[in-house]
Amino acid sequence: MSTSQWEKMYHQKLSSAEEIVSQINSDSLCASACALGEPVGLSQALAVRAEAENLTGISHHLLLVLKDLKYLQPDMTDKMKHVSWFTSGYARKPVQNGSADFMPCFYKDAPMLWQEFVKPDVFYATVSPMDKHGWFSFGVAASVARAAMSRADKTFLEVNRHMPRAHGTGVVHISEVDAISENHSPLVELAQAPITPKDEIVGNLIAEHIPDGATIQFGIGSIPNAVGQALKNKKNLGVHSEMFTETMVDLIECGAINNLRKQINPNKSISCFAIGSRRMYDFIDDNPGIEFHSIDYVNDPTVIGQHDNFISINATIEVDLIGQACSESIGTRQFSGTGGQVDFIRGAGMSKDGKSFLAIHSTAKNDTISKIKPVLTMGAHVTCSKNEIDYFATEYGIVRLKGKTASQRAKALISIAHPNFREELTQSARQMHLIA
Ligand code: COA
């Protein structure tokens, strides 16, 4: 078909958000593209309709970053329930108080869950404007989009000219879509967590272990960002990371990342999603050096493991003396999600000369709580089993847990705990017969 025919099809499918959501009934399961892929106009219109027409039992699934959404208000819970696939930001409170639910999963499995376990009635997403060939881009939210869309009965898109047009496989064709609306509100921008002096120490310690030519993954939080800042003098780094970050833009701009040494996808930074500043969105827009793909490819440990010197850097919440870590709850209080943490630890473990780092500040709450504990806090969700963590870092040093006995692990972890807690931890380790 010619360009004008795709344009004709676009105009045939173009509608208002209100008209589109009038096709969604009570008890529908609505899957959204993740994070900035949430179509704000459609989800707000759906909440308005649910309230006005007393629809009930609609569930709305995604990794949420937007705030002040009507469906998150406490009086909306029986009408529209949010199901978080990663409990962070504005989803945290609703999950903690029980008004929203969450979906435990390794992120690499999210597409499979959409394919085999969770059947969506509706898929909706924000996309960049259509190109002359009839394609839209899921932009900085490729992640699970195609997998959820392919199982949904109906696909609705919200076109936003502020969504970058990203390269990669996160695309959808006009012929696959049931209806389109337009909403050109600026994309939400998220400031990076500020880097503290403790982050800088941990960042510098980890950076010493990263060779030139390594391919890197950064997880969430100020410690991975601090590692990034410490890599500015490295050479020939590559990116293969679930999340594309501001720090990666800095490292590309200063020449430390050039992706030339990657064994697969050379010359390209590979990622699934991004949340950051307009400067980052502009950097991604139509940039052939960055590709966004589905998460079951990017987070697949066998794909990650094809890179030599793969380095993954993630943060955690607490670790016990045998080396199992909780990265997603504070006791029973859900705080985050598994995300891609375990996927990347496993992938780095398969990489020739690869290393995975799990990092933490030794204490929380002004040095009153040790994050290295005899046992995990009651109710803590185990994210990384004791059998998968390789390197573990605090501001007091880095230890390697792989190949260490229970007793050696306890001693190693105590050696990088905050000095105020080392004696107490040693006594607990003795009581648990971990050390003599
Ligand atoms: N006990 C009590 N409070 C704790 C705590 C502990 N063990 N650990 C953290 N906290 C508190 C902190 O004090 C802080 O509170 P404040 O905001 O009042 O200062 C808050 O919890 C956040 O902790 P912080 O360590 O600053 O979080 P972060 O932004 O660095 O993120 C994780 C750390 C672990 C939550 C984050 O990396 C994550 O979500 N990881 C799991 C998923 C993942 O790694 N994905 C990677 C692939 S994209």
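General observations
- Test: residue in the stretch 356-368 that is assigned to a strand (DSSP E or B), among the charged types (D, E, K, R) and more than 25 Å from L63 (Cα to Cα): no
- For S84, the requirement of being within 28 Å of F136 (Cα to Cα) and either buried (at least 19 other Cβ atoms within 10 Å of the Cβ) or free of Cβ contacts under 8 Å to residues at least 24 places away in the same chain (or both) is met.
- Residue in the stretch 362-379 that is of a type in the set (V, I, T), over 20 Å from I210 (Cα atoms), buried (at least 23 other Cβ atoms within 10 Å of the Cβ) and within 12 Å of the ligand (Cβ to nearest atom) present: yes
- Out of G340, G347, one residue alone is crowded, with 20+ Cβ neighbours inside 10 Å and either more than 9 Å from the ligand (Cβ to nearest atom) or of a type in the set (A, V, I, L, M) (or both). It is G347.
Conditions (1) touching a strand residue (DSSP E or B) at 6+ places or on another chain (Cβ under 6 Å); (2) modelled with pLDDT of 95 or more; (3) assigned by TED's automatic domain parsing to the domain that holds G170; (4) polar (S, T, N, Q), marked per residue:
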| site | (1), (2), (3), (4) |
| --- | --- |
| E38 | yes, yes, yes, no |
| L42 | yes, yes, yes, no |
| G89 | no, no, yes, no |
| D109 | no, yes, yes, no |
| K119 | no, yes, yes, no |
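- Scanning the stretch 318-337 for residues that are within 9 Å of the ligand (Cβ to nearest atom), assigned to a loop (DSSP other than H, G, I, E, B) and either buried (at least 22 other Cβ atoms within 10 Å of the Cβ) or not assigned by TED's automatic domain parsing to the domain that holds L358 (or both) gives S327, E328, S336, G337.
- Only one of the numbered conditions (1) more than 15 Å from the ligand (Cβ to nearest atom); (2) outside any loop (DSSP other than H, G, I, E, B); (3) farther than 30 Å from I24 by Cβ is not met by K232, and that is (2).
- Among the residues of the stretch 380-389, those identified as buried (at least 20 other Cβ atoms within 10 Å of the Cβ) and within 26 Å of P419 (Cβ to Cβ) are A380, C384, I389.
- Checking V303 against (1) within 14 Å of the ligand (Cβ to nearest atom); (2) on the phi < 0 side of the Ramachandran plot; (3) open to solvent by less than 20 Å² (accessible area, probe 1.4 Å), the condition it does not meet: (1)
- Looking only at residues of the stretch 306-317 that are within 10 Å of the ligand (Cβ to nearest atom) and open to solvent by less than 20 Å² (accessible area, probe 1.4 Å), we find that the one that is farthest from E253 (Cα to Cα) is T316.
- Counted residues, the stretch 172-220 - those being crowded, with 21+ Cβ neighbours inside 10 Å and either closer than 19 Å to S269 by Cβ or under 18 Å from the mean Cα position of the chain (by Cα) (or both): 8
- Selected residue (only one of R146, R161 is basic (K, R), assigned by TED's automatic domain parsing to the domain that holds A35 and not in a loop (DSSP other than H, G, I, E, B)): R146
- Look at (1) surrounded by fewer than 19 Cβ atoms within 10 Å (Cβ to Cβ); (2) more than 28 Å from the chain's Cα centre (by Cα); (3) of a type in the set (D, E, K, R) and you find that R409 fails only one, number (1).
- Filter result for H167 (touching a residue at least 12 places away in the same chain (Cβ under 8 Å), on the phi < 0 side of the Ramachandran plot and open to solvent by 50 Å² or more (accessible area, probe 1.4 Å)): yes
- When I216 is tested against (1) away from the ligand (no atom under 16 Å from the Cβ); (2) in a strand (DSSP E or B), only condition (1) is not met.
Residue by residue, here is whether (1) polar (S, T, N, Q); (2) over 20 Å from K232 (Cβ atoms) holds:
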site: A145; (1), (2): no, yes
site: M149; (1), (2): no, yes
site: N160; (1), (2): yes, yes
site: I180; (1), (2): no, yes
site: H184; (1), (2): no, yes
site: E200; (1), (2): no, no
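The values are calculated or read from the model by the stated rules, or taken from the named source; none is laboratory data. All of these numbers come straight from a predicted model, not from anything done at the bench. We place every Cβ from the backbone using ideal geometry, glycine too, and count neighbours over all the protein chains shown. Please note that ligands, DNA and RNA were not included when accessible areas were found on the heavy atoms of the full protein model with its side chains. Shrake-Rupley method; radii C 1.70, N 1.55, O 1.52, S 1.80 Å.
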